[in-house]
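> Take this structure, written in structure tokens, and hold onto it; I'll ask about it next.
The values are calculated or read from the model by the stated rules, or taken from the named source; none is laboratory data. The structure displayed is predicted, hence computed values, not measured ones. Cβ atoms come from the backbone with ideal geometry, glycine included; neighbour counts cover every protein chain shown. Note: areas computed on protein heavy atoms with side chains; ligands, DNA, RNA excluded. Shrake-Rupley method; radii C 1.70, N 1.55, O 1.52, S 1.80 Å.
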Amino acid sequence: MLQEVQRLAHEEGKGVLLISHHPEEARQVADRLALLQEGTIRYLGAVSELDNHANDDMARYLGRAMTTEQ
């Protein structure tokens, strides 16, 4: 389903707001993302830059595999 959303967004030239509790899913489809912790934005920016800005709490949430892949 996520691939279909990506395809439609690209074809229509529209942005999509996807809310997910699954970081691996979000990284697969997002160009940019916001990571919230207790209602506060901890990171807002490009997925490709997330690893450079992840603090220890964020790295634990994203999981070791998430912070080392790319």
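> Whether any residue in segment 36-47 is open to solvent by 60 Å² or more (accessible area, probe 1.4 Å), without any contact (Cβ under 8 Å) to a residue 60 or more places away in the chain and more than 18 Å from D57 (Cβ to Cβ) is what I want to check.
The first filter runs over segment 36-47 and keeps only residues open to solvent by 60 Å² or more (accessible area, probe 1.4 Å), leaving 36-42, 44.
From what is left, the residues that are without any contact (Cβ under 8 Å) to a residue 60 or more places away in the chain are 36-42, 44.
Next, from what is left, pick out any that are more than 18 Å from D57 (Cβ to Cβ): none.
No.
> Now, a different point. Give the residues of segment 14-35 that are open to solvent by less than 70 Å² (accessible area, probe 1.4 Å) and either among the acidic types (D, E) or more than 9 Å from the chain's Cα centre (by Cα) (or both), sorted by residue number.
E25
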